[in-house]
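K.L.:
Below is the structure I would like to discuss, written out as C-alpha cells.
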Amino acid sequence: MSDILAILATVLVASAGCLHLFLRYTQDAREPPMASTIFPFIGPMINLSRKKTKYYVGLRDKYNLPIYTLRLPGSRLYIVNSISLISAVQRQFKTLAFPPLEAKFTTSICGTSKIAHDILNTNVNGDEGFWGYSVTFYKAIHTPLAPGPELDAMNRVMAQKVSASVDRLEERVVGLFEFIRHEITLATTDSVYGPKNPFKDPAIVESFWTFLPGIMIFIMGIFPTILARKSFQAREFMTQAFTRYFEEGGHNQGSGLIRTRYEHSTEHKIPIEDVARFEVGNTIALLANTSPTAFWMVYHLYASPVALEECRQELSSIISIETIAMEGEETATLHTLDMSQVKGSCPILLSTMQEALRVHGVGVSSRVVMEDHMLDNKYLLKKGSTVMIPGVVQHTSSSSWGSADVNGFDHRRFLPKEKRHQPVAFRGFGGGTTLCPGRHFASTEILAFAALLILRFELTPVDGKWVCPNTDNSSFWETMPTPDQDIRVKISPRTGQDKRARWRVLVSDSDKAMPISVEDL
Ligand code: HEM
C-alpha cells in the first residue's frame, strides 16, 4: 500500500514539475505575471469552479498585482485588477473585443442554425466597416432603451404592472425571492412583449428558470442534450412559443425594444425560428439580473431600520395625494408616485440600489484578444487569450471604497455629497462599449417596485431576524447571484394605512439619464 502511495506521490510531483517547466517555456516574460500555483493548469481550473469569482478576490489579496495571467488547459486568462488598466482595456475595444465572444455565446446558448451563425459571424468585429448584424446590433437596441419616448412608453406599462402587483398584496407569508421573481418577471415581460407576451403562460415562466442552470453546459458545448437535458427541453419549448409570437405579429403590439430587435434580425435575413432563438437568449439579459437586484435591495431595506426609515421619509415627501370621486357619492384618496421625482429627489433610495449592486454584483466583463497587443505599453497580451475584468474585485477594493467599511452595506455610500469612492470601481452594469443598455429600464423598475413596497407594507422574517443568505450555489455567469435559500417573510400592510386608498405610479416624459454608472455622470 505504502509503495503505491509513494509511486503516486512521485508521479504527481513529476507531473507538476513537467507542467511548471512547460508553463515557463510557453510564457513570455512580457506577459502579465503568473499567479503561482502548485499544480499548473489544473489548479486554477479547480479553484475557479469551486470558488468562482471569490477566487479572483483571493488572488488579488494574495499578490496585489495590477494584472496577472491564469493558465488553464488550452487558454490564457489575463485578469485585470487595476482601475487604470480597466480604462486602458475598454479604450481598445477593437483589439480587445467583445462582439466575437458575444456571437459565440449567443449561438451556443440559443442553439441557432448554421445560417444564423454565419450571418452573426460576418464582419463580427466591424473590421470591414460599420455593417453586419453584430456591430449594428448594439446601436439599434440603444435607442429604445435610452432615456426618451420609447423607454418612457415601456416604463409606463411596467409601472402599471408593478403597481397592480403591489395592489394585489395581502397579509400572508411568502418566500421573498420567489415572490419578487414572480412579480418582476411578469411586469418586465409584459412591458417588453406587450399583450401577446409568451410569459403570460406559467409554463413559459417555469421553462425560463429551468433553462438557466444549463447555460454553462451550452457555452462549453459538452453534450447539452444529455448533460443539460431539462434546460435543453425548456429552451426548445420557449423557442416554439417565441416562434408563434413572431409569426402572429405579437411584436407589433409590443415595446419599441422588441419591434427594433425583430426588424434588426429580419433586415439581416435571420430565419424566423432563429429570431425566436435570439429572443430566448435576450430573456437572460432581460430577466436574470433584475429580480436578484430587486431582492437584495428589498432585503437590505427591511434588514436595516435606518435605511428603511430614511427611504420612507424621502418617498413620503414626494408622494402627491388627492381626493377622487368613486362610484355613487363615495370618494377615495389617490396616492401618486412620480418616477421622475423618485429619480431626482430620492438619492438615498437610488444609493441603496447601487450599494446592493456593489455588495452583491459579481459580473465579469470579458474581451478576446484579436491580435498580440501591448496593454498600456507594459503588458503583452497574446492573440486568442481572454481579458477579464471581475466586478467583484473592484467592488471589494478598499483603495476604492475605504478600508473601514468596504465589506459592509452602507445605504448612503453613493450619495453625491458623500462621494467617498472611486466611481470607475462601480461595475454593477459593466462599463465601456458593453455597458448594460438596459440599466435605465431595470433601475426604474426596481426603484418603483421597492418604493411601493416600503411605502405600503411591512415585511417581517418568519424566523424572527433578517439573515443574509449565501450565494455559493449561483452559477459562474450570473451577474447578480440568486440567494441559496429563500427568506420566509410575513407581509402586512403598514399600520395607519388607509385601506381604501388608491395608488398609481406616474412616468412623466423624461429624457434625462439616471446617474447610475460612471458613464452617466
Ligand atoms: C439589474 C438588472 C441588470 C443588471 C445588473 C445588468 C448588468 C449587466 C452587465 C454587468 C452587463 C455586461 C457589461 C460588460 O460586459 O461590461 C450587461 C450587459 C447587457 N445588458 Fe444588462 N443588466 C441588467 C438588466 C438588463 C435589462 C433589463 C436589459 C434589457 C432590457 C439588459 C440588456 C443588456 C444587454 C443587451 C447587454 C449586452 C451589451 C452588449 O452587447 O455589449 N440588461 N448587463
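K.L.:
Return yes or no: is I86 over 30 Å from D338 (Cα atoms), in the same structural domain as P33 (by TED's automatic domain parsing) and within 13 Å of the ligand (Cβ to nearest atom)?
P.N.:
yes
K.L.:
When you check H411 against the structure, is it more than 16 Å from the ligand (Cβ to nearest atom) and either in contact with a Leu (Cβ under 9 Å, 6 or more places away or on another chain) or aromatic (F, W, Y) (or both), yes or no?
P.N.:
Against the criterion (more than 16 Å from the ligand (Cβ to nearest atom) and either in contact with a Leu (Cβ under 9 Å, 6 or more places away or on another chain) or aromatic (F, W, Y) (or both)), H411 qualifies.
To keep it simple, each residue is scored yes or no on (1) of a type in the set (D, E); (2) surrounded by fewer than 21 Cβ atoms within 10 Å (Cβ to Cβ); (3) within 16 Å of the ligand (Cβ to nearest atom); (4) within 20 Å of the chain's Cα centre (by Cα).
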site	(1), (2), (3), (4)
E445	yes, no, yes, yes
L459	no, no, no, no
T482	no, no, yes, yes
G496	no, yes, no, no
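K.L.:
Moving on. Which one is nearest to the ligand (Cβ to nearest atom) among residues in the range 358-405 that are over 23 Å from L96 (Cα atoms) and of a type in the set (A, V, I, L, M, F, W, C)?
P.N.:
Only one residue fits best here, namely V359.
K.L.:
Tell me the helices (runs of 4 or more DSSP H) entirely within the range 107-198 that contain at least 1 residues that are touching a residue at least 60 places away in the same chain (Cβ under 8 Å) and more than 21 Å from the chain's Cα centre (by Cα).
P.N.:
Because the criterion is at least 1 residues that are touching a residue at least 60 places away in the same chain (Cβ under 8 Å) and more than 21 Å from the chain's Cα centre (by Cα), the helices (runs of 4 or more DSSP H) in the range 107-198 that meet it are 114-121, 133-145, 149-167.
K.L.:
Ok, one more. Find all pairs meeting these conditions: Cβ atoms under 7 angstrom apart; at least six residues apart or on different chains; first residue within the range 293-305 and over 14 Å from L455 (Cβ atoms); second residue among the polar types (S, T, N, Q) and part of a helix (DSSP H, G or I).
P.N.:
Note: pairs meeting the criteria are M297/T352; H300/T352.
K.L.:
Scan the range 239-249 for residues that are surrounded by fewer than 16 Cβ atoms within 10 Å (Cβ to Cβ) and within 26 Å of the chain's Cα centre (by Cα) and jot them down.
P.N.:
Q240
K.L.:
Checking the structure you have, find out if any residue of the range 391-402 is under 30 Å from R261 (Cβ atoms) and either at pLDDT 95 or above or assigned by TED's automatic domain parsing to the domain that holds I516 (or both).
P.N.:
Taking every residue of the range 391-402 in turn, at least one turns out to be under 30 Å from R261 (Cβ atoms) and either at pLDDT 95 or above or assigned by TED's automatic domain parsing to the domain that holds I516 (or both).
K.L.:
Out of all the residues in the range 253-270, is one or more within 30 Å of G408 (Cα to Cα) and under 21 Å from the mean Cα position of the chain (by Cα)?
P.N.:
The answer is no; no qualifying residue exists.
K.L.:
Return the residues of the range 232-283 that are hydrophobic (A, V, I, L, M, F, W, C), within 16 Å of the ligand (Cβ to nearest atom) and within 15 Å of S207 (Cα to Cα); say none if nothing qualifies.
P.N.:
Listed by number, the residues that qualify are F242, V280.
The values are calculated or read from the model by the stated rules, or taken from the named source; none is laboratory data. Bear in mind the structure is a predicted one, so any value in this text is a computation, not a measurement. With ideal geometry, Cβ positions are generated from the backbone for all residues, glycine too; neighbour counts draw on all protein chains shown.
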